[in-house]
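Worksheet for the structure shown next.
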Amino acid sequence: MSTISRLLEQAREAITRYTPAQAAEALRNGATLVDLRPTEYRWRFGEIPGAVPVSRHVLEWRLDVTSPWHIKELRHGDADQEVILICNEGYTSSLAAHQVIAQLGMPNMRDVIGGFAAWKEAGFPVMKRLKA
C-alpha cells in the first residue's frame, strides 16, 4: 500500500463521513458546506447552492475563527458548529478534514463520500456558475 493510501485510510478512520443525503440533511439543519474544488471545476460542472467556495491552500485561514480572514459563515465560540468539506470525489476533503481537526481542533468537521460527483449523481441541487 502506498504512503498516501495509508494516510487516506487513517484520515477516513478518524473523521465522520457523510453520504450526499446526510450532507444535504445537515445543511438543512444549519451546517456549513465548504467547496474545495478549483474555480474552473465550479465553472465547468456547477456549484452547490449555499456552499462556500474556499481554495484548499487557504482553508485553515478561512476556518480559523480567530483569523481576520475567516469565512463569515463560522460563528466565533460555537464549538458545536458543523462544517462539511466537499471536493470533486472525496479524497482531498477527507485529508483536509482530518488535518483541520488535528490542527484547529474542530471536532465537527465532516466530508462527503464521493464528493461533488456523488452529490450530483444523487440528484441534489447543482447550479451553473456564470463566469465573471
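The values are calculated or read from the model by the stated rules, or taken from the named source; none is laboratory data. Since we're looking at a predicted model, the values are computed, not measured. Reconstructed Cβ throughout: ideal geometry from the backbone, glycine too, with neighbour counts over all protein chains shown.
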### Query
Would you call residue 28 modelled with pLDDT of 95 or more, under 27 Å from residue 128 (Cβ atoms), touching a helix residue (DSSP H, G or I) at 6+ places or on another chain (Cβ under 8 Å) and not polar (S, T, N, Q)?
no
### Query
For the subset of the range 1-33 comprising residues that are over 12 Å from residue 95 (Cβ atoms) and among the small types (Gly, Ala, Ser), which member is surrounded by the most Cβ atoms within 10 Å (Cβ to Cβ)?
23
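Among the listed residues 47, 89, 60, identify the single one that is of a type in the set (D, E, K, R) and touching a Gly at 6+ places or on another chain (Cβ under 8 Å). Give the derivation first.
On the way: 47 fails: touching a Gly at 6+ places or on another chain (Cβ under 8 Å); 60 fails: touching a Gly at 6+ places or on another chain (Cβ under 8 Å).
Going through 47, 89, 60 in turn, the sole match is 89.
Quickly run through the range 76-88 and pick out the residues that are surrounded by 13 or more Cβ atoms within 10 Å (Cβ to Cβ) and in a loop (DSSP other than H, G, I, E, B). Before the answer, list the steps.
Initial filter on the range 76-88 (surrounded by 13 or more Cβ atoms within 10 Å (Cβ to Cβ)): 81-88.
Answer for the range 76-88, where residues must be surrounded by 13 or more Cβ atoms within 10 Å (Cβ to Cβ) and in a loop (DSSP other than H, G, I, E, B): 81, 82, 87, 88.
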### Message
So, residue 94, is that one without any contact (Cβ under 8 Å) to a residue 60 or more places away in the chain, more than 17 Å from residue 126 (Cβ to Cβ) and hydroxyl-bearing (Ser, Thr, Tyr) or not?
### Response
no
### Task
Being hydroxyl-bearing (Ser, Thr, Tyr) and either exposed (fewer than 14 other Cβ atoms within 10 Å of the Cβ) or touching a Pro at 6+ places or on another chain (Cβ under 8 Å) (or both) is the filter; apply it to the range 43-70 and report the residue that is modelled with the lowest pLDDT.
66
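Just to verify a result, which residue in the range 89-112, among those that are in a loop (DSSP other than H, G, I, E, B) and surrounded by 18 or more Cβ atoms within 10 Å (Cβ to Cβ), is modelled with the lowest pLDDT?
Narrowing the range 89-112 to residues in a loop (DSSP other than H, G, I, E, B): 89-91, 105-108.
Imposing the further condition that a residue be surrounded by 18 or more Cβ atoms within 10 Å (Cβ to Cβ) reduces the set to 90, 106.
Values: 90: 97, 106: 89.
In this case the residue turns out to be 106.
If you go through the range 100-132 one residue at a time, how many are within 13 Å of residue 15 (Cβ to Cβ) and touching a residue at least 24 places away in the same chain (Cβ under 8 Å)? Before you say what the answer is, go through the steps one by one.
First, pick out the residues of the range 100-132 that are within 13 Å of residue 15 (Cβ to Cβ): 100-102, 106-113.
Those still in the list that are touching a residue at least 24 places away in the same chain (Cβ under 8 Å) too: 100-101, 106-113.
Within the range 100-132, residues that are within 13 Å of residue 15 (Cβ to Cβ) and touching a residue at least 24 places away in the same chain (Cβ under 8 Å) number 10.
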### Query
Is there any pair linking a residue in the range 43-60 that is of a type in the set (S, T, N, Q) to one that is surrounded by 12 or more Cβ atoms within 10 Å (Cβ to Cβ), with Cβ under 9 Å and at least six apart or on different chains, and which?
55/36; 55/38; 55/39; 55/62
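So is residue 73 more than 27 Å from residue 9 (Cα to Cα), modelled with pLDDT under 95 and assigned to a helix (DSSP H, G or I) or not? Spell out the reasoning first.
On the way: more than 27 Å from residue 9 (Cα to Cα): yes; modelled with pLDDT under 95: yes; assigned to a helix (DSSP H, G or I): no.
Judged against the criteria, residue 73 is not a match.
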